[in-house]
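Visitor: First the structure, then my questions, so here it is.
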Amino acid sequence: MKTQLLCRLITLSAMLSTSLAKSPAAVSPAIQPPAVTARQWTLENGLTLIVQEDHSAPVASVQAWCQTGSIDEDKHLGAGLSHILEHMLFKGTQTRTTSQIAQKIQDSGGYINAYTSYDRTVFWIDIPAKGAASAVEILSDAMMNSTLPPEEYTKEQEVIRREFAMGYDDPDRMAGLKLFETAYSVHPFRLPVIGHLEIYNKLTRDDVMEYYKERYIPNNLFLVVVGDVDAEKIHAQVAEYFSNYPRKSLAPLYIPSEPPQLGRRESHTEFPTELTRLDLAWHTPGLTHPDVPALDLLSTILGDGRSSLLNQELREKKKLVHAISASSYTPADSGLFGIEATLDPGHREETQRAVLQMIADLKRNGVTEAELEKARKQTLSGHLRSLATMRGKASDLGSSWLMTRNLNFSNDYLVAIQRVTPADVKRVLDTYFEDANLTVTSLNPAGSLKAGNKEAAPVAAGEIQKFELSNGLRLLVREDPRLPLVSMVATFKGGLLAETPDNNGITRLFSKVLVKGTKTRSAAQIADQIEAVGGGIGTDAGNNSFSVSVKIMQPDLHLGLELLSDVLLHPSLPQEEITREKEAQLAGIKAEEEEMTSVARNLMRANLFPNHPYGLRNSGTPESVAKLDRNALVDFQKKYVAARNGVIAVFGNVKAAEVRELVEKELGKMPAGEPELANPPQPAPLAKSTTVEENKNKAQAILMVGFRGTDMFSPDRDALDLIDEACSDLGSRFFIRIREKMGLAYFVGSSQMAGLVRGPFLFYLGTSPAKVDTVKPELLDEIGKLAREGLTEAELVRAKEKLLGQQEIHNQSNDAFAYSVALDELYGLGFDHYKGLRKSVESITLDDIRRVANKYFENQPSITALVRPAPKTK
C-alpha cells in the first residue's frame with residue numbers, strides 16, 4: 001500500500017479530482033496533451049465499449065469496469081461484497097476453471113489483476129497484442145458467467161481473512177481507515193472497502209451470488225481496450241458475445257449524503273508501531289463543483305514534491321517529520337482535502353500546530369502566481385506520465401467515463417486548471433479550511449499517548465544508440481517522439497555489493513544526500529527548479545549499483561541535464577542534510593521491522609550469505625548508519641561517481657546528436673576513474689542447511705526457503721528465470737496446491753536476484769501462525785518435486801510466454817526501459833542484451849530446466865527462515 005492519504009485507501013486517478021471544463025482553449029503554449037482518439041459504442045443491452053487504437057507497442061490493456069463498489073452493497077453494507085467478488089470472478093465460469101483462466105492469459109504472455117474501490121470494481125489484463133481477443137473473451141465470460149464454485153468460495157474466505165490480518169498489521173492502512181471513519185459519520189465512505197470482518201464472516205455464498213446477479217449486468221458494465229488492436233474487430237467480437245445477454249433491471253440504491261460537519265473531530269489511538277501517522281482533513285465538495293480545480297492545485301502547492309511548502313517548512317527547515325504530503329480527493333460527492341505526515345511520536349502536537357499555522361498564513365497571504373504555474377506544470381507532467389503505458393491510457397479513459405461520461409475529461413481538466421487564479425485559491429482556503437470543518441486523527445506507538453487521549457496518432461520509437469564520451473562515460477540515447485517527455489538515468493556500479501558491515505547503508509544514505517545541495521544550489525532550489533517545470537529528480541540504491549534519475553518535459557531538456565550534471569559533479573553533501581537523512585533512514589529501518597515480509601527477507605539473506613555483502617540490509621543497521629559521516633560520503637562520491645564506472649541513458653522526445661553534445665558539455669568534466677567491482681567478493685560455500693526463526697507480535701506468519709542462485713552472466717540464468725516465473729504466477733503448482741486446493745496460505749511464490757555474483761533464489765508464503773506446521777512440509781514437498789522433475793511442458797511454455805510478454809509490457813515506459821538497459825550496459829551484458837532474450841529463452845528445453853533445477857535445489861544447502869508470533873506460554 002502507498003502511504004499517500006488517499007492512495008492507501010482506494011485506487012483513483014488524481015486527474016479526476018477536478019470539475020468539468022469545456023473550453024477549447026490551449027492548455028499550454030508549449031505542450032498539448034495527446035488527443036483522445038478512442039471510439040465508443042453502446043450496445044442494445046446497455047453495455048458500453050471504448051476502444052483506442054495505439055500501435056506504438058505490440059501490447060494491449062483490456063479492462064472490464066463494473067460500476068459497483070463498496071458503497072453500493074445496500075443491505076450488506078460493510079460486508080465487502082464487491083471485494084469478495086473481485087477475488088471470486090476468476091474462480092471459474094460455466095466453461096473455464098480457475099486454472100484455465102490464469103493459464104490462458106499466461107500462455108499468451110499476459111498478466112491479469114483487479115481492484116475494488118468505493119464506486120467501482122475493475123478487472124484488467126495487460127497482454128501482448130496477439131492475445132487481446134482472448135483477453136476480451138475471458139473478461140466478458142467472467143463478467144457474465146462466473147459460477148462462484150462453493151469449494152472455491154470456502155477457500156477464498158480464508159484467503160480474505162488473511163488479507164484482513166495483513167491490513168490489521170499495516171499502520172499506514174489503519175491510519176487511513178481511522179481518518180475516514182472519523183471524518184464521515186453517515187456516508188458509506190466511513191466503511192472499509194474490504195468491509196468489517198465481523199460482518200464479512202456472516203456472508204454466505206448465496207448472498208454473494210445474489211449480489212453478483214443483481215450488479216454484474218450489461219447495463220452496469222463497460223469495457224475499455226487500448227493498444228495495438230483493430231477497433232472494429234473488437235467491437236464485432238464484443239457485440240457478438242454480449243448479444244446473448246439482455247439488459248436487466250437495476251434497482252436504484254440510496255446512498256446518504258454526508259451532512260455538514262459542525263465542529264472539529266479528533267481521534268488519537270495507539271497501535272503496534274514505532275512511528276506516528278498524523279492526518280488532518282477538511283470536507284470539500286464533489287467532482288463537479290467549480291472550486292475543485294483550485295483545491296487540487298492547492299494540494300500540489302502544499303504537499304507534492306520536495307519543494308512543496310509543507311516539505312520545505314516541516315521536514316527540511318523545522319525537521320519535525322520524516323515525510324509529509326497533501327491530497328485532494330473529490331468523488332461524485334463529499335470530498336476530503338487531506339494532509340498526512342509520518343513522524344516521531346514526540347513531534348505530533350508541534351507538527352499539528354505547524355500545519356494549522358501554515359494554513360492560517362496561506363489564508364491571510366494567499367499563494368503566488370509563480371506557485372500556481374509550478375503546480376500547473378506538475379499536474380500536466382503527472383498526467384502525461386500516466387499515459388506512458390496502455391494500462392495507464394485505459395485507466396484514464398475508464399475513470400473519465402465512469403465519473404463524467406466524457407472521454408475527454410482529463411484534457412478538459414488540464415484546460416480548467418489554467419483558469420485558476422490566486423484569488424480562487426484564496427477563496428477556497430477561506431471557504432473550507434475552518435476549524436469546525438477539520439478532522440484530526442493519528443496512529444501512535446503503544447504507550448505514547450497520555451491517559452484520556454486515545455482515540456494524437458502514435459509514432460514508433462527509434463533504436464537505442466550508444467556513444468562513448470571523451471572521459472569514458474557511456475551514453476545511451478533512444479529517440480521516442482510519442483510524448484513530449486524525456487527520461488534520463490545515470491547509474492554507477494556500487495550498491496550493497498560494495499559495502500561492509502561497518503559502512504552498511506552508505507549507498508542508500510549517499511543517494512539521498514546527493515540531491516540535497518551543490519556548490520551553487522541548495523536542496524530547496526534543486527527541488528523547486530525541477531518541480532517548477534513539472535519534472536522530478538530521484539535516486540535509487542540497489543544491490544549492485546546506485547543511480548540518479550531525472551524526468552522532464554521536452555522543452556526543459558537542457559535544465560534537466562544541467563541539474564543532473566550539477567548533483568553528480570558538484571554535490572555539497574551538507575552536514576545538516578546528512579544528519580536529517582540519517583534520521584530518516586534510521587526511521588525507515590524501524591518501519592521495516594514492522595513489515596513481516598521484510599523481516600523474513602532480511603533474516604533469510606543474513607543467513608544465506610553470512611560474511612558477505614548480499615547478507616547485509618539495503619538500508620543498513622542502526623549501528624552502521626549511526627557511524628556514517630560526511631568524510632565517508634565524500635570518499636564514496638570520489639570513488640564511485642566516475643565516468644568509466646558509469647552509464648547514462650536519455651530516452652524520449654530528443655535528438656541523439658543534440659543529446660550527445662549536451663552530455664559531453666555537462667558531464668565530460670567527470671573524472672574518468674576506474675570501473676569498480678571488477679572482481680566482486682564471492683560468497684563462501686554454504687556449509688549446511690539451517691532453520692532460523694524470529695518472533696514478531698503480528699497476526700500473520702512468513703515462511704521462506706532460500707537457496708544460492710546464480711549470477712547474471714551464468715548460462716543457467718534464463719532457465720532459473722523461467723523456473724521463477726513458473727513458480728510465481730496464479731497458475732503455478734505452488735499456488736494451486738497450497739493456496740487454491742488446501743487454503744493454507746494467503747500468498748505463495750518465488751523470487752530470485754541474479755547479481756554480479758550469485759544471488760538468492762527464494763520460495764516464500766504468508767500464512768496463519770496456526771498453519772505453519774501444516775504448510776511447511778507442503779512447501780518443502782513441492783520444492784523437492786521441482787528439484788527432481790523440473791517443470792512440465794505446459795509450465796515451461798506458459799513461463800516462456802509470460803517472461804517474454806512481461807518484457808514487452810515493461811519496455812513501453814521509457815522510465816523503466818532506460819533504467820534496465822543502462823544497468824545491462826553497466827554490468828557488462830550490453831545495452832542490447834534485451835534483444836537476445838527471446839532467442840535465448842525459446843531455446844531452453846525441458847532437459848535444461850530439469851538439469852538446472854537439480855543443480856540448484858536438489859541436495860543443496862538451504863536456509864529456512866520463519867517469522868511468526870512467539871509461542872504462547874502455558
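The values are calculated or read from the model by the stated rules, or taken from the named source; none is laboratory data. The structure presented is a predicted model; accordingly, all values stated were derived computationally and were not measured. Every residue, glycine among them, receives a Cβ derived from its backbone with ideal geometry; neighbour counts consider all protein chains shown. Side chains are part of the model used for accessible areas, which takes the heavy atoms of the whole protein and leaves out ligands, DNA and RNA. Shrake-Rupley method; radii C 1.70, N 1.55, O 1.52, S 1.80 Å.
Visitor: Give the separation of the Cα centroids, the stretch 370-398 to the stretch 784-800, in Å.
Guide: Using only Cα atoms to place each centre, the spacing works out to 42 Å.
Visitor: Here's something else I'd like to know. Show me the ranking of peptides 385-396, 316-327, 116-127 by mean Cβ neighbours inside 10 Å, starting with the highest.
Guide: Going from most to least packed, we get 116-127, 385-396, 316-327.
Visitor: Also: How would the stretch 181-231 be classified by its alpha-carbon gyration tensor: rounded, prolate or oblate, with rounded meaning a/c under 1.5 and the a/b versus b/c comparison settling the rest? It would help to have the intermediate numbers written out before the result.
Guide: On the way: a/c = 2.84, a/b = 1.63, b/c = 1.74.
Here the stretch 181-231 falls in the oblate category.
Visitor: Using a 1.4 Å probe, what is the accessible area per residue for the stretch 751-799, in Å²? Provide the component values of the computation, followed by the final result.
Guide: Numbers: 1760 Å² over 49 residues.
Dividing the accessible area of the stretch 751-799 by its residue count gives 36 Å².
Visitor: Over the Cα atoms of the stretch 562-661, what Rg and Dmax result, in angstrom?
Guide: 18.1, 50
Visitor: Oh, and also: Give the peptides 292-300, 467-475, 526-534 in descending order of average Cβ contacts within 10 Å, highest first. All intermediate terms of the calculation are to be shown ahead of the outcome.
Guide: Details: 292-300: 26.3, 467-475: 16.8, 526-534: 21.3.
Order by mean packing, descending: 292-300, 526-534, 467-475.
Visitor: Follow-up. Distances over 19 Å make up what percent of all Cα-Cα pairs in the stretch 809-866? Can you show the working numbers first?
Guide: Working: 922 of 1653 pairs.
Tail fraction, whole percent: 56.
Visitor: Let me ask something else about it. Shape verdict for the stretch 90-148, please, from the Cα gyration tensor: rounded (a/c under 1.5), prolate (a/b greater than b/c) or oblate. Can you show the working numbers first?
Guide: Values: a/c = 1.87, a/b = 1.17, b/c = 1.60.
Oblate is the answer for the stretch 90-148, as a/c is 1.5 or above yet b/c matches or exceeds a/b.
Visitor: Once a ≥ b ≥ c are taken as the square roots of the eigenvalues of the Cα gyration tensor of the stretch 69-116, is the result rounded (a/c under 1.5), prolate (a/b larger than b/c) or oblate (a/b not larger than b/c)? Before the final figure, lay out the partial values.
Guide: On the way: a/c = 4.67, a/b = 2.28, b/c = 2.05.
Cα axes put the stretch 69-116 in the prolate bin.
Visitor: Using a probe of 1.4 angstrom, how much of the accessible area of the chain is carbon and sulfur, in percent?
Guide: On the way: 16710 of 32930 Å².
That fraction is 51 percent.
Visitor: What order, most packed first, do the peptides 246-256, 188-198 have when packing is the mean number of other Cβ atoms within 10 Å of each residue? Numbers along the way, then the final one.
Guide: Working: 246-256: 10.8, 188-198: 19.3.
Taking the mean over residues of other Cβ atoms within 10 Å, the ranking is 188-198, 246-256.
Visitor: So which lysines pass the test for Lys248, namely a Cα distance under 23 Å, with those fewer than 8 places away in the same chain ruled out?
Guide: Reachable lysines: Lys75, Lys213.
Visitor: In addition: Could you bin all the Cα-Cα distances of the stretch 490-602 into 5 Å bins starting at 0 and give me the percent of pairs in each, rounded to whole numbers?
Guide: Values per bin, smallest distances first: 2, 11, 18, 21, 20, 13, 8, 5, 1, 0.
Visitor: So, one more: Using the Cα atoms of the stretch 138-199, I'd like the radius of gyration and the largest Cα-Cα distance, Dmax, both in angstrom.
Guide: Cα-based Rg and Dmax for the stretch 138-199 come out at 15.4, 41 Å.
Visitor: Give or take rounding to whole Å, what are the principal axis extents of the alpha carbon atoms in the chain, in descending order?
Guide: So the extents along the principal axes, rounded to whole Å, are 69, 66, 65.
Visitor: Charges only on Cβ, +1 for Lys and Arg, -1 for Asp and Glu: so what's the dipole of the stretch 384-507 about the Cα centre, in debye to the nearest 20? Write out the running numbers ahead of the final one.
Guide: Working: 14 positive and 13 negative charges, 54 e Å.
Roughly 260 debye, rounded to the nearest 20.
Visitor: Right, next: Output wanted: per-residue J couplings in Hz (rounded whole) for the stretch 853-860, from phi through Karplus 6.51 cos²θ - 1.76 cosθ + 1.60, θ = phi - 60°, x for Gly and Pro.
Guide: With the stated coefficients, the stretch 853-860 comes to 4, 5, 5, 9, 10, 7, 6, 9 Hz.
Visitor: Roughly how far apart, in whole Å, are the Cα centres of the stretch 752-770 and the stretch 102-128?
Guide: 25 Å
Visitor: Additional query: How long are the semi-axes of the ellipsoid equivalent to the stretch 700-853, from square roots of 5 times the Cα gyration tensor eigenvalues, in whole Å, largest first?
Guide: Taking √(5λ) for each eigenvalue gives 29, 17, 15 Å, largest first.
Visitor: Oh, and also: Enumerate by residue number the chymotrypsin sites (Phe, Trp or Tyr not before Pro) in the stretch 316-418 meeting two conditions: DSSP loop (anything except H, G, I, E, B), and at most 15 other Cβ atoms within 10 Å of the site's Cβ. Walk me through the numbers on the way to the answer.
Guide: Working: sites: Tyr329, Phe337, Trp401, Phe409, Tyr413; in loops: none.
The qualifying sites: there are none.
Visitor: State the Cα centre-to-centre distance between the stretch 650-667 and the stretch 173-204 in whole Å.
Guide: Going from one Cα centre to the other spans 51 Å.
Visitor: OK, next. So what's the back-of-envelope 222 nm ellipticity for the chain, counting only DSSP H runs of four-plus at -39500 (n - 2.57) apiece and dividing by all residues, rounded to 500?
Guide: Values: 28 runs with 346 residues, N = 874.
Rounded to the nearest 500, it is -12500 deg cm²/dmol.
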